[in-house]
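Novice: Before we start, here is the structure in question, set down as structure tokens.
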Amino acid sequence: MTTMTDATPDQADAQQDAAAAAPATGRAGGLLVAIGLNEPTLQRIRDHGAFQVTDDPTQALGATIIALSTRSPRGQTVRMPADVDPEHTPIVVICHPGGEETAVALMQRGCAGVVAEGNECALDSFIDPDSHTQLLVEGYLEQQGEGRSGRSGGRLDPITSLPEENSFETHVSELLADGASPNLMMLRITNLDAARQRTDVRAVDLLRRRLASFYSDAARRYSCDVFTLSDSVFAVVDGSSLLVNPHKLASELIEITEAFRPGGVKLRLAVGGVIGSAETEVAALREQAEQAVLAAAQSGESAFVTSDDVTVLLASATEYNVAQMLVSFVDQQVANAPGHSARVAEMAADIAREIGYHGRDLNTLRLAALLHDVGRVPLGAEGQRDDETYPERGARYLLASAGPEIADAVRYHTERWDGAGPAALVEDDIPLSARIIAVAKAAEAAMHPSSGEPPPAPDEIITRLRADAGSRLDPDLVATTARLFGDS
């Protein structure tokens, strides 16, 4: 790998020329070189407007930041740019669902961090510490806690008189073949079966007929076509890209649906929207709409969710999955007993609960403690050679998707109460969450010796913690922890 200091004169000139050709724009600014990113991802980065974007890999040497996708052509391996030093130019992995293992491998080779597809705005934080998102937190917290009629060439549903599924597929295929980017809404009446149990077949048929009529009237005002896909599922298609206010139409459709109460059951409508998609295949477009409908139905109430919303939901899960895999990798490499990170997280949560943490604050603290060692990736052949710098590396990665609270807890958890730590913070200047993690880490180390020796008695653990109270550890938190071990 060629570093900035090892670069040839020609490479150095190329770096300077490329940097000069890339004036800063937006909040973060600078040149972002995208490697392997698909068009929807690139478009989201462009729409965000924080970077000048190019997918020309020859400009990598002059990049402010490089975004490297985990997606790769079939049979090929995702590769980092060979002539870029990640110590000087942050290389950030854009991870797609299913690409978590590739993301972890790239982190081991020196990438600065991982953000999920759908969370590209988090790229800002790698050059602007004031920018961040909290999708990783949301993914962690989430773990804790389904037109105009008269189209020719197709059958009409005998109850609703709307075109059926084959007509829908044909219509959307024709729009895509003509180069259009159709907007699509899928409507699913989520509790129709419950209503069916309280009334008879004829009443349900009448209900579907009336709903279809009202849906068609509403869609006609937006120049949209309506199709019926099953008893409880309808599709609304805008082939002219005129649906500039999809939320308004979705609200009207929900209001229409909830006005019906067959058998005393208030109907609920889940609406999934695909607006302005770059997809060119019917199956892909429909899959996006179906995922959005499923997300809309999860609340149990009527709701409208777009495919972009689903992308964000998937992104939060992807980022948390990557974080879990990084933690697992570190736990296998460092000289700690297996399961170290999870035990530190639970010990930190126990301490925090004793001093009044609860709810989201408690779970956020637990997540920070779980990820406290994540900066040890990559460890390399020299094992723990990064022992002094790993908190800063971990904090930089976590800021992008977890925010400053978790990043600071990780950054400062190796500070000392007496001010002799890496940043020379003293006593209460050290964030409370970082102090809690420090005590939890010391307690866990005492309870689970890496040498394989039997764990000491609780009195011995308390003695070891008190030996560091007032020097390395917060004495009040040590006293709290001692009570957890039965000390009165």
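Novice: Across region 412-462, what is the number of residues that are in a helix (DSSP H, G or I) and not acidic (Asp, Glu)?
Specialist: Within region 412-462, residues that are in a helix (DSSP H, G or I) and not acidic (Asp, Glu) number 18.
Novice: Condition first: small (Gly, Ala, Ser), assigned by TED's automatic domain parsing to the domain that holds Pro404, within 25 Å of Ala400 (Cα to Cα) and in a helix (DSSP H, G or I). Can you find one or more residues in region 330-343 that meet it?
Specialist: Yes, some residue in region 330-343 is small (Gly, Ala, Ser), assigned by TED's automatic domain parsing to the domain that holds Pro404, within 25 Å of Ala400 (Cα to Cα) and in a helix (DSSP H, G or I).
Novice: To continue, here is another question. Of these, Arg208, Arg198, which one is surrounded by fewer than 21 Cβ atoms within 10 Å (Cβ to Cβ), in a helix (DSSP H, G or I) and assigned by TED's automatic domain parsing to the domain that holds Val226?
Specialist: Arg208
Novice: Of the conditions (1) of a type in the set (A, V, I, L, M, F, W, C); (2) touching a Pro at 6+ places or on another chain (Cβ under 9 Å); (3) part of a helix (DSSP H, G or I), Ile256 satisfies every one except a single condition; which number is it?
Specialist: (2)
One line per residue, one yes/no per condition, for (1) in contact with a helix residue (DSSP H, G or I) (Cβ under 6 Å, 6 or more places away or on another chain); (2) β-branched (Val, Ile, Thr):
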| position | (1), (2) |
| --- | --- |
| Leu285 | no, no |
| Ser302 | yes, no |
| Val312 | no, yes |
| Gln332 | no, no |
| Ser341 | yes, no |
| Ala345 | yes, no |
| Arg366 | yes, no |
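Novice: Before we move on, is Val274 under 13 Å from Leu187 (Cα atoms), surrounded by 17 or more Cβ atoms within 10 Å (Cβ to Cβ), assigned by TED's automatic domain parsing to the domain that holds Ser173 and touching an Asp or Glu at 6+ places or on another chain (Cβ under 8 Å)?
Specialist: Spelling it out, it is not the case that Val274 is under 13 Å from Leu187 (Cα atoms), surrounded by 17 or more Cβ atoms within 10 Å (Cβ to Cβ), assigned by TED's automatic domain parsing to the domain that holds Ser173 and touching an Asp or Glu at 6+ places or on another chain (Cβ under 8 Å).
Novice: Now for a different question. Answer yes if at least one residue in region 301-308 is surrounded by 17 or more Cβ atoms within 10 Å (Cβ to Cβ) and either within 30 Å of Ala395 (Cα to Cα) or not assigned by TED's automatic domain parsing to the domain that holds Val204 (or both), and no otherwise.
Specialist: Among the residues of region 301-308, at least one is surrounded by 17 or more Cβ atoms within 10 Å (Cβ to Cβ) and either within 30 Å of Ala395 (Cα to Cα) or not assigned by TED's automatic domain parsing to the domain that holds Val204 (or both), which makes the answer yes.
Novice: Quick one: is Ala369 at pLDDT 90 or above, surrounded by 20 or more Cβ atoms within 10 Å (Cβ to Cβ) and over 30 Å from Asn183 (Cα atoms)?
Specialist: Yes.
Novice: Right, something else. Being outside the structural domain of Glu101 (by TED's automatic domain parsing) and either farther than 21 Å from Phe168 by Cα or surrounded by fewer than 22 Cβ atoms within 10 Å (Cβ to Cβ) (or both) is true for just one of Leu253, Leu267, Leu249. Which residue is that?
Specialist: Leu267 is the lone residue from the list that is outside the structural domain of Glu101 (by TED's automatic domain parsing) and either farther than 21 Å from Phe168 by Cα or surrounded by fewer than 22 Cβ atoms within 10 Å (Cβ to Cβ) (or both).
Novice: Based on this model, can you work out whether Ser216 counts as surrounded by fewer than 22 Cβ atoms within 10 Å (Cβ to Cβ) and on the phi > 0 side of the Ramachandran plot?
Specialist: No; evaluated as a whole, the condition is false for this residue.
Novice: Starting from region 42-56, keep only residues that are surrounded by 15 or more Cβ atoms within 10 Å (Cβ to Cβ), then list their pairs with residues that are of a type in the set (S, T, N, Q) whose Cβ atoms are within a distance under 9 Å, requiring at least 6 positions of separation or different chains.
Specialist: Arg44/Thr311; Ala50/Thr25; Ala50/Ser131; Phe51/Thr25; Phe51/Thr64; Gln52/Thr25; Gln52/Thr64
Novice: Right, something else. Could you count how many residues in region 126-149 are modelled with pLDDT of 75 or more and more than 15 Å from the chain's Cα centre (by Cα)?
Specialist: Total meeting the criteria: 6.
Novice: Would you mind finding the one in Thr64, Thr54, Thr2, Thr89 that is at pLDDT below 90 and among the β-branched types (Val, Ile, Thr)?
Specialist: Every option except Thr2 fails the conditions.
Novice: Moving on. Quick one: which of Ala467, Ala457, Ala424, Ala443 is among the aliphatic types (A, V, I, L, M) and either under 18 Å from Ala349 (Cα atoms) or touching a helix residue (DSSP H, G or I) at 6+ places or on another chain (Cβ under 8 Å) (or both)?
Specialist: Working: Ala467 fails: either under 18 Å from Ala349 (Cα atoms) or touching a helix residue (DSSP H, G or I) at 6+ places or on another chain (Cβ under 8 Å) (or both); Ala457 fails: either under 18 Å from Ala349 (Cα atoms) or touching a helix residue (DSSP H, G or I) at 6+ places or on another chain (Cβ under 8 Å) (or both); Ala424 fails: either under 18 Å from Ala349 (Cα atoms) or touching a helix residue (DSSP H, G or I) at 6+ places or on another chain (Cβ under 8 Å) (or both).
Selected residue: Ala443, the only one of Ala467, Ala457, Ala424, Ala443 that is among the aliphatic types (A, V, I, L, M) and either under 18 Å from Ala349 (Cα atoms) or touching a helix residue (DSSP H, G or I) at 6+ places or on another chain (Cβ under 8 Å) (or both).
The values are calculated or read from the model by the stated rules, or taken from the named source; none is laboratory data. Since the model is a prediction, treat every value here as computed from it, not as a measurement. Quick reminder, even Gly has a Cβ in these numbers, built from the backbone with ideal geometry, and neighbours come from all protein chains shown.
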